[in-house]
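Here's the structure, in structure tokens; my notes come after.
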Amino acid sequence: MKDVVAAFRNMSEDNMVQREAITRLLALYYELTPQIALDEKFDVSIALAAALSRAEMAGTPHELGEMRLLELNHLVDIAHRSPNMQWWRKPETLRFTPFMTLLRLVVARPKSESIVQIQCLLSSVVTETGILQQETEKFPLDALVLSLASSETWSAPDAVFDFLDDCLRRLVAKAVKYQDDLDNIITAQFNTDLQADCAPVSLLWSTLKEQWPFVAKSKPEHLASILRWIVRLSTLLRGVGEDATVLEGITRGIVEAAEARGLGGVVKRAMMESKSINLTEDRQQQSDGTLSDAHSSGRTDANAIKGEKRKLLETERLPREDENHPGLNRWMQKEIDEAVEDGAVGDLVLCLCSKYSDIRRQALAILKSKLIPKIEVTFLIQLSIIESQALPYIVGVFAARALTVLTDPSHFMYLKINKFLQRGPSWNIGRLPSYWAEKIILAEPDDDDAYHKEVEWLVDLLTDGLRSTA
């Protein structure tokens, strides 16, 4: 695969046939031999950004050309299989995020089979991030695409895509916060606790409601076009099956604010246009159902993954303490740096949580005499002070994982771990779980696309820490 990557990097931009063939070969590597492909550490984001930049300059898929579209499809496939691809971070070469650039390509597409992979990707990302609800039989992504698609009376300007792009980035970065906002909106709408019979509502609406006043203040010249789009989207999502009462309440608040700014004529025009929108007929005319099929495939794959995870949670049991305690000796078989990096020193730290006092004493002796002078990690010194009783397992697990994170500055938890360790010389053990829940679930990730990784890291930490009480 190294030769294939080297050939791709050295290939001329003008040799479109060869570039399509070689990106297809790379995509097959990722599909059929993913471990080999991921070990190669091919940075697809650079090639994808260049391809998306060409797509932005071309404007429409027809102008971009079929070979360029096929190449872009293959790069999208590779990016979707790459764990470090950041769909919500805007490169310097692009006006929009990669996700929004691809969405614009689908919105402007002709009836072409050349962007099927792009449609599948959009469906999968929407499902994974939860920006649109997945409970209705009809597909909300179809409604989003149609709301942006050009017609005889409507053409979405770049200002609408800028607004939507900003809302989506905020939503992905603080998903829990916007879920709470949506719950409060629904509660206020029904003037009671959340209704079990309330129809689904996409999470995107809480972000649109929050960001609309800022657009009205900072970009008043774009209010009319953004308002028309919001009314179109509200009509289409109600047609999909989202709760009409909640959507009408949110839209009414936005419309009333627009009328107060003298946009009553725009509101009337938008309302008249919305009455002529038909999701079923327009969807067939726009895409022949291709996008719906892609979305169905993406949702099916995501549901299958969720089912597997649920099955694991139902059947997996926490391991018991190993009576042989291999962690006491495993670190000695390697160099200190390597032992820290691969978790061997972390296994030794976990011995401080043993229910056997002699095991704890041995682990303490090794840490004090052999490892602390060489590693010079302050929190190991803190842990070594506790000799009379076993550490809560949550503390041992956190210390072991923090050691591994500190060896890799590119790790998505590196900055948060460092900030925690610099807070003071002691830990409040009882607040350790709540501290990390707050810093991960309720705060923005250090990297735009790292939120779900951080949450998964937290869930693993809390799950492993259940072996004892704090």
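The condition of being open to solvent by less than 10 Å² (accessible area, probe 1.4 Å) and not in a loop (DSSP other than H, G, I, E, B) holds for only one of G430, G396, that being G396.
Taking segment 212-256 as the range and being open to solvent by 40 Å² or more (accessible area, probe 1.4 Å), among the hydroxyl-bearing types (S, T, Y) and in contact (Cβ under 8 Å) with a residue 24 or more places away in the chain as the test, only T245 passes. Filter segment 75-99 for residues that are assigned to a helix (DSSP H, G or I) and either out of contact with any Leu (no Cβ under 7 Å at 6 or more places or on another chain) or among the aromatic types (F, W, Y) (or both); which is surrounded by the fewest Cβ atoms within 10 Å (Cβ to Cβ)? Here the residue is R81. Close contacts from segment 439-450, counting a first residue that is in contact (Cβ under 8 Å) with a residue 24 or more places away in the chain and surrounded by 15 or more Cβ atoms within 10 Å (Cβ to Cβ) and a second that is assigned to a helix (DSSP H, G or I) and β-branched (V, I, T), with Cβ to Cβ under 8 Å and a gap of 6+ residues or different chains, come to I440/V455; I441/V176; I441/V455; D448/V172; D449/V172.
Conditions (1) acidic (D, E); (2) under 18 Å from F214 (Cβ atoms); (3) touching an Asp or Glu at 6+ places or on another chain (Cβ under 6 Å), marked per residue:
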{"position": "T127", "(1), (2), (3)": "no, no, no"}
{"position": "G130", "(1), (2), (3)": "no, no, no"}
{"position": "Q134", "(1), (2), (3)": "no, no, no"}
{"position": "P140", "(1), (2), (3)": "no, no, no"}
{"position": "L148", "(1), (2), (3)": "no, no, no"}
{"position": "E152", "(1), (2), (3)": "yes, no, no"}
{"position": "S155", "(1), (2), (3)": "no, no, no"}
{"position": "V160", "(1), (2), (3)": "no, yes, no"}
{"position": "D166", "(1), (2), (3)": "yes, yes, no"}
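For A257, the stated conditions do not hold, so it cannot be described as out of contact with any Phe, Trp or Tyr (no Cβ under 9 Å at 6 or more places or on another chain) and part of a helix (DSSP H, G or I).
Here is a check on your reading of the model: is L182 touching a Leu at 6+ places or on another chain (Cβ under 8 Å), surrounded by 17 or more Cβ atoms within 10 Å (Cβ to Cβ) and within 15 Å of G130 (Cα to Cα)? It would help to see each step written out before you state the result.
Numbers: touching a Leu at 6+ places or on another chain (Cβ under 8 Å): yes; surrounded by 17 or more Cβ atoms within 10 Å (Cβ to Cβ): yes; within 15 Å of G130 (Cα to Cα): yes.
Criteria met by L182.
Residues in segment 156-164 include at least one that is closer than 30 Å to D183 by Cβ, within 20 Å of the chain's Cα centre (by Cα), modelled with pLDDT of 90 or more and open to solvent by 30 Å² or more (accessible area, probe 1.4 Å).
The values are calculated or read from the model by the stated rules, or taken from the named source; none is laboratory data. This is a predicted model, so every value here is computed, not measured. All Cβ positions, glycine included, derive from the backbone under ideal geometry; neighbour counts span all protein chains shown. Quick note on the areas: whole protein, heavy atoms, side chains included, nothing else; ligands and nucleic acids left out. Shrake-Rupley method; radii C 1.70, N 1.55, O 1.52, S 1.80 Å.
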